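Here is the structure we will look at, set down as structure tokens.
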Amino acid sequence: HLAPYARPAARLFLPSAASGAGPVQRGWWDGMPTLPWAQSVQTAVSSRAPRQRGTHLPKCEHGLSVFPRVTVVTWNVGTAMPPSDVTSLLHLNTGDTNDSDMIAIGLQEVNSMINQRLKDALFTDQWSELFMDVLSTFNFVLVSTVRMQGVILLVFAKYYHLPFLQDIQTDCTRTGLGGYWGNKGGVSVRLSIFGHMVCFLNCHLPAHLEKAEQRKEDFTTILNMQQFEGRAASGILDHDIVFWFGDLNFRIESLDIRFVKYAIDNSILSQLWEKDQLNIAKGTWPILSGFQEGPLNFPPTFKFDVGTNQYDTSAKKRKPAWTDRILWKIKSPSAPHNPSGRRLSRNILTVTQLCYCSHMEYVASDHKPVAAIFAVQFASKADKPLVEIQVADEWARPEQAVVRYKMASYFHRSSWDWIGLYRVGFRHSKDYVAYVWAKHEDMESSMYQVVFSEEALPKGKGEFILCYYGNNYNSITGVTEPFQISLPTSEEASSQTDSSSASSEEEDNSTLVLLAPKSRSPSPGKMKQHRSRSPSLSKFQGLSLRPASHERGASRSPSPQSRRSPKGDIPSIHLTGGEHCGNPLGRADPRNLGLLPALRLETVDQAMGPRRASGDQGYPARRRSPTSPTASLVNLFSTSPKERRGSREGQDPLPAGVVLGTTDGRAAGTAH
């Protein structure tokens, strides 16, 4: 069952010393040795301490660690709908030896008409959904994504590498219409990969043969405008490795269209290379100094008749060109081989391109997609995760849902840190099944422990993974291997309960005692008078839960799923004043779900009465945006059927004449 998620064996490819080109096999490794830190954790408890996959990188003879594979894809989709299958485009069925560890996908001209953008504001766009659906089955998780109108960049990684991908930031630069329109420009995702700073830059530059200088100016603007927080790499070119790709729109100069097509038909593409504008610019533009590109051994990728592999037959008859490109740059050149046999510097980096090709089988656009596969060598600066998690091989009973973990001494923990339970094949960090807040008190031998409540645990059988989400890092900082959960389903549990209750009634039915339900909240403040800290609400620092008047001061569960409030005691959501009122975005948002059970149900008259009164006092009307708290409530009623079932599961349907109250006097389900 776990075959697709097991870490496959991989080959280490290095440039041949004899030929100077082409991959050559230098060694094998299994990728999963037991590490000293894992051994110490394993001896500390009787339960299994899972191997932290990706924490120990294979070593070559010179002491360099290896991040085996990075795949980069670029495609101008021409506002087309996604195809049914992108497996070949992502090189996912090429065998274990070509298995990638990271995949960066750059799209241009994604449909950004106003009606489509409104849909994408409420739902994930169709292209991102497609790639997440396909890649999750191959054990990839979405690390980060950024969109600027029709330009999208998505970065995926194998789940066991997630704890070593830190300092994730995004940026975008508009260059269309003098910088006011985002149809042209660049979007980027930067992150630290095992301690090395890497930037992925997806660009869509100006079109047409005569706009080469404009392309140069726009690329310079993108490089100068994009700045990141932190001292490690504030600018794009400050990163250790930069992958630059997209529809760069460089054309073939001088040559007649008939000669260009003749060279393509007769496979003499080398005669076109010297007239390619980007090849010319790499030798003359200082801004492109250091950028490298593999040989263009595939036909020009633009312009085709949509639905065919035939170059433009329209009245314009555009000359074929390599508009879609993938380049890379290393911050500093690698040091020469040290004959003394000493370990090379931990800052040495090398990038070897293993594949550079187009995919003619995709005909939805007038561009063909282009893909490249790289082997990246470096000395790992991080040999273990920030958080090490222990979990048993199987949870067969609710009391076995115990998680123990330890944090590195330099880990910057937060009260908003949480541990998520994910199904094997999860798509992104918010795609969890259940969560529990990370405890940072009651430390025993530097080991912490949390317990998942019985109500939060999934019923039935399945394979799951635990991830520690560090709020200060905005990323997953610890992960386990898959383990089994085998709990009875609701039908099985109800049948057992019925039989036990029947037997107890026969023994004693003389006295009835009303007991208050016990809270099983995963919050650290389970039995204390602590504030509510639901992951669903942490994003909205201007929101607070107000209980019913007779319940104020009582302990409340922070987890919407862990405890249901009795009817009439459901708290309502109110916007509070203060410094965060103008900025509803908070520190962590495990997922924008779970608000619905916390809403207060009111009749129309009850809802409108106090709000009319407040409106008479001169309160300004609130403007709702896709990121505002009230707009997020709208999103709850516009989610997929699965999410709607999850948020309303186990609740009575809304009675007639009942609306969901908001602070601005409008129904929360009102479209905006």
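The values are calculated or read from the model by the stated rules, or taken from the named source; none is laboratory data. Note that the structure is a prediction, hence the values are computed from the model and not measured. Backbone-built Cβ (ideal geometry, glycine too); neighbour counts: all protein chains shown.
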Check: Could we say that K275 is out of contact with any Ser or Thr (no Cβ under 8 Å at 6 or more places or on another chain) and over 18 Å from Q108 (Cβ atoms) here?
Finding: no
Margin query: Which residue is modelled with the highest pLDDT, if the candidates are limited to the range 99-120 and must be within 19 Å of F138 (Cα to Cα) and of a type in the set (D, E, K, R)?
Written below: D101
Notebook entry, point to check: Just for strands (runs of 3 or more DSSP E) wholly inside the range 141-225: which have at least 3 residues that are surrounded by fewer than 22 Cβ atoms within 10 Å (Cβ to Cβ)?
Noted result: 165-176, 181-193
Check: Within the range 260-288, which residues are farther than 18 Å from S358 by Cβ, outside any helix (DSSP H, G or I) and among the charged types (D, E, K, R)?
Finding: E274, K275
Next item on the list: Give the residue, chosen from S429, S409, that is touching a residue at least 12 places away in the same chain (Cβ under 8 Å) and either outside any strand (DSSP E or B) or not assigned by TED's automatic domain parsing to the domain that holds V451 (or both).
Entry: S429
Next item on the list: Output the residue which, of all residues in the range 236-286 that are surrounded by fewer than 14 Cβ atoms within 10 Å (Cβ to Cβ) and β-branched (V, I, T), is farthest from A315 (Cα to Cα).
Entry: T284
Note to self: Let me confirm something: among D417, D431, which residue is among the acidic types (D, E), modelled with pLDDT of 95 or more and closer than 21 Å to N139 by Cβ?
What the structure shows: D431
Next item on the list: Specify which of the listed residues (L255, L248, L278, L288) is touching a helix residue (DSSP H, G or I) at 6+ places or on another chain (Cβ under 6 Å) and in the same structural domain as Q227 (by TED's automatic domain parsing).
Entry: L288
Check: Within the range 427-449, is even one residue more than 25 Å from the chain's Cα centre (by Cα) and of a type in the set (F, W, Y)?
Finding: yes
Notebook entry, point to check: Quick one: how many residues across the range 121-140 are surrounded by fewer than 19 Cβ atoms within 10 Å (Cβ to Cβ) and of a type outside the set (G, A, S)?
Noted result: 10
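Conditions (1) over 13 Å from P82 (Cα atoms); (2) within 14 Å of the chain's Cα centre (by Cα), marked per residue:
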site: E109; (1), (2): no, no
site: N115; (1), (2): yes, no
site: D120; (1), (2): yes, no
site: M132; (1), (2): no, yes
site: F140; (1), (2): yes, yes
site: T145; (1), (2): yes, yes
site: V151; (1), (2): yes, no
